[in-house]
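Just below is one structure, and these are the notes that go with it.
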Amino acid sequence: MSAPLLRVDDLQVQFFTEDGVVRAVDGISFDVREGELVGLVGESGAGKSVAVSAIMRLVESPGRIVGGHIEFKGETLIEVERGDDGESYRTDATIPDGELRERIRGREIAIIFQDPMESLNPVFTVGGQLREFIELNRDLSEEDAREEAVRMLREVGIPEAAARYDDYPHQFSGGMRQRVLIAMALACEPALIIADEPTTALDVTVEAQILDLVDELQERYDTSFVWVTHDMGVVAEICDRVNVMYLGEIVEQAPVDDLFYDTQHPYTEALLDSVPRPDETVEELNPIKGVMPEAINPPAGCRFHTRCPDAREACKTTNPDCRDVTDGVTEHRAACIKHDAFETTYEGSPPLETGSGGGFDVSLSGGETDD
Amino acid sequence: MTERASSASDGADAVGFGEPLVEIQNVSKHFPNEEGMFSWLSFNRDADGLPIETGREWVRAVEDVSFTIRKGETLGLVGESGCGKSTLARTILRLLEPTEGSIYFKGTDLADLSGERLRNTRKDIQMIFQDPQSSLDPRMKVGKIVEEPMQAHGMLDSEGRAARAQELLEKVGLDPQHYNRYPHAFSGGQRQRINLARALSVNPDFIVCDEPVSALDVSIQAQVLNTMRDLQKEFGLTYLFIAHDLSVIRHISDRVAVMYLGQLVELADKQELFENPTHPYTQALLDSIPVPDPRADGHRGVLEGDVPSPIDPPSGCRFRTRCPELITPAEYDLTDAEWERVRSFMRHVKRRDFTETDPDALSQRYFDGQIPSGDAGDKVSAAIDDIAADDWDAAAERLQNAFAEQSICAREEPDYEVDPEYGADRHTVACHLCRE
Ligand SMILES: Nc1ncnc2c1ncn2[C@@H]1O[C@H](COP(=O)(O)OP(=O)(O)OP(=O)(O)O)[C@@H](O)[C@H]1O
Ligand code: SF4
Ligand code: SF4
Ligand SMILES: [Mg+2]
């Protein structure tokens, strides 16, 4: 198999706040191959946005990438190592800022955010912004860039593209603005598009339009995607492979069908059990107990042990890495010591009482129980 | 816990389970369009630099909506953003005055109430809103927040209120010890629980819930939904439950109403609505939801275009500008396949999403080279000639007038009832396809 397009290895991002160090992303590894759509799924605060912004080195202060290695088409987007003094520093292999901005960002890797208003300038016309972007990145004349901009708007399904070229962003609906951002992302025919919850703010019928468009464009341009979402429905519909995140870590990594039909991690299992279904009536939902703890002071051992229905004493002391749990039959990894792949004392360890009442006093984390 | 029987407003007007508790009759709500994008667009100045009076525009947010909510049930109201769900909710709560129509609660028109009776009725109707952050006063302790409505209605003495507040906190799944904490110390799901306790404090019959779980993570959503159900059973509550998420609606509702552009398009028993959706909009909505199952068939029903403005909504059926099943105008003798092609051509011309202008190429691309014969064909040909002459607007208008505007969908407002396949509840559908 050819080398992956993008390889993220042991990425660590921390925020240095007044209250302490937030370990927002704590050693995650995943890769994306050519033409693949890879999902990053998890609840609010799991670290999805921070993780994808690190790929383009867009982590904002007080955040810093404190460890890891990200490689794209054989080039090192970032490599951070810890020196003898304990400080982390970028190695010489890391490509310089200027080069990243000019050669990679936008041209090779494009990003689409949840809120299109943040990425579009309200005082310039939609067409003008797209034209300028194309002009700058593809060395076209103003006239050719304009023509290309109209073509792209049409391509992503903006009605009356030529007439609406001179509209301002606020004159577009949310769905149309998201289409414009997709047009902008596609303009340079990048190899990889990173999409951070691009449909979360949209109505379902509009979301369906956008997902359809992505299917279509992926077929035509063979673009790879990293798709961030919290919606298991979206994951099931569009992803080839999936990474499930919990509290800064990847807890399960699998092809989409295996994730749903051969689930290996209790968190993924619980997440799937807690969603109401549009296609069948579920009488009783099975919520996950409690809420996700703060990343500033994550639980010791397995981070899910405070909410995990399968938790045992041993889970309080071992923090499992995400490793192959299916003997290499499929590429299926999980971070849970129940599996034979982990040589631990799980089997003989007594079960933990989770979530029932006791969690009330400690930062309210167990307060959401239902019984 | 104080039982319902002790509530002062009960008595002669008590309503049995399954009987109408709230009746919404022909309710409309229109707002003058004073601000926002549309007035900004029509902001012209005359020679003296004064804005030209362009005539007052009205946003027809809710139009002629009627339905009944039965005691003890959860009526789910679903629709996309901007369709008028919250306006309708606020009108039912009489936080907004209806432009037309009436709202009856236990048989009494709310507009006829005043004084003590109005205050009592207000107590019986409570609400929970979407954003658990902003709906709780950050300077008030949780206990006081829960007690406030009781105090406003002169319920119990202060000791009694405190005891009841603690009991309620426990009921909604919080620790009674939280009584003395401030809201900021709680998560989103917990804040929504505080809202629930607060709404329950005055022993209401009816709670309007406007997107109560939309801001919550799925795992927390499930916790709150389960609690709401338990409380409903325990206290005999009636919910109007508004959401844009059909999965949540399917989970919580007994009956479901679907809203589009200010109007109800379909109303039926939950199972009937999900298993036998009849209105094309409901069908599109259901087909659009991503199903959390990678083996589900990949069919994604995709609606074209955007929701039109409620300032100048389409005549007849408001969904007709996006409806994939627009009905053939009676005056043309078109086969289904021909009508399909005419409609597709009409859509593409309107959206102007192609650049071809050669008549033969257009006829080939959109009609397989076979433009229908007769009157309909003449109109299509004329539109193709318009395009050849680069007059796209004329082509679009010609097609609209000749076809779209002639359909019964544009001429009459639909309002039908069909026989349910599931259960015995009435199933109403606002679509002319049900006219036989
Ligand atoms: N600027 C910042 N300063 C301090 N902490 C931050 C900052 N940005 C993010 N974090 C923390 O990093 C963690 C991960 O946040 P992130 O935004 O990546 O989550 P997410 O998975 O994208 O959540 P959501 O689904 O809500 O978008 C959280 O604990 C968050 O509070
Ligand atoms: S390691 Fe233990 S606590 Fe963690 S997911 Fe597995 S069983 Fe649950
Ligand atoms: S009345 Fe006509 S336009 Fe409206 S939903 Fe039915 S078929 Fe479609
Ligand atoms: Mg995010």
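The values are calculated or read from the model by the stated rules, or taken from the named source; none is laboratory data. All figures in this text were calculated on a predicted structure; none of them were measured in a lab. Positions of Cβ are generated from backbone atoms using ideal geometry, with glycine treated the same way; all protein chains shown enter the neighbour counts. Surface accessibility is based on the protein's heavy atoms, side chains included, excluding ligands, DNA and RNA. Shrake-Rupley method; radii C 1.70, N 1.55, O 1.52, S 1.80 Å.
Structure data summary
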| quantity | calculated |
| --- | --- |
| Accessible area, probe 1.4 Å, largest first, for residues B:225, B:156 | B:156, B:225 |
| Angle in degrees between helix B:142-152 and the longest Cα principal axis of chain B, rounded to the nearest 10 | 90 |
| Helical contribution to [θ] at 222 nm, DSSP H n ≥ 4, -39,500 (n - 2.57), averaged over the protein assembly as shown, rounded to 500 | -9000 deg cm²/dmol |
| Contact order relative to length of region A:151-292, as percent, for alpha carbon pairs under 8 angstrom and 6 or more apart | 14 |
| Relative contact order of region B:336-406, defined on C-alpha pairs under 8 angstrom at six or more residues apart (%) | 32 |
| Hydrodynamic radius (Kirkwood) for the protein assembly as shown, which is based on Cα pairs only, to one decimal in Å | 29.4 |
| Computed magnitude of the charge dipole of chain B (debye, nearest 20; Cβ of K, R +1, Cβ of D, E -1) | 2240 |
| Listed residues B:325, B:23, B:234, most fluctuating in chain B (Gaussian network, C-alpha, under 10 Å) | B:234 |
| Residue-by-residue Karplus 3J(HN,Hα) for region A:161-167, coefficients 6.51, -1.76, 1.60, Hz, glycine and proline x | 3, 5, 6, 8, 3, 8, 6 |
| Relative contact order, percent, chain B [alpha-carbon distance under 8 Å, six or more residues apart] | 16 |
| Ranked order, A:200, B:238 - accessible area, probe 1.4 Å, largest first | A:200, B:238 |
| Filtered chymotrypsin sites (Phe, Trp or Tyr not before Pro), region A:258-316: DSSP coil and at most 11 other beta carbons within 10 Å | none |
| Net charge over other residues, Cβ less than 12 angstrom from the Cβ of residue B:63 (K, R count +1; D, E count -1) | 0 |
| Of A:172, A:32, A:152, farthest towards positive along the dipole that unit charges on Lys, Arg, Asp, Glu beta carbons give the protein assembly as shown | A:172 |
| Residue of B:403, B:345, B:354 that the Gaussian network model of chain B assigns the largest fluctuation, springs spanning Cα pairs under 10 Å | B:354 |
| Enclosed volume per residue, in Å³, of the convex hull spanned by Cα atoms of chain B | 201 |
| Total charge dipole magnitude, the protein assembly as shown, about the Cα centre, Cβ charges on Lys, Arg, Asp, Glu only, Debye to nearest 20 | 2440 |
| Neighbour cut-off at most 16 other Cβ (10 Å), DSSP loop, GluC sites (Glu not before Pro), region A:155-233 | A:160 |
| Backbone HN-Hα couplings from phi across region B:319-334 [Karplus 6.51/-1.76/1.60, Hz, Gly and Pro as x] | 8, 5, 5, 10, 6, x, 10, 2, 7, 4, x, 4, 6, 9, 9, 10 |
| Top of B:21, B:118, B:237 by mean-square fluctuation, Gaussian network on chain B, Cα under 10 Å | B:118 |
| Between A and B, accessible area buried - total, square angstrom, nearest 100, 1.4 angstrom probe | 5100 |
| Debye equation applied to the C-alpha atoms of region B:336-406, log10 I(q)/I(0) at 0.21, 0.23 Å⁻¹ | -0.81, -1.00 |
| Unit charges at the beta carbon, dipole of chain B: most positive-side option, B:346, B:324, B:111 | B:111 |
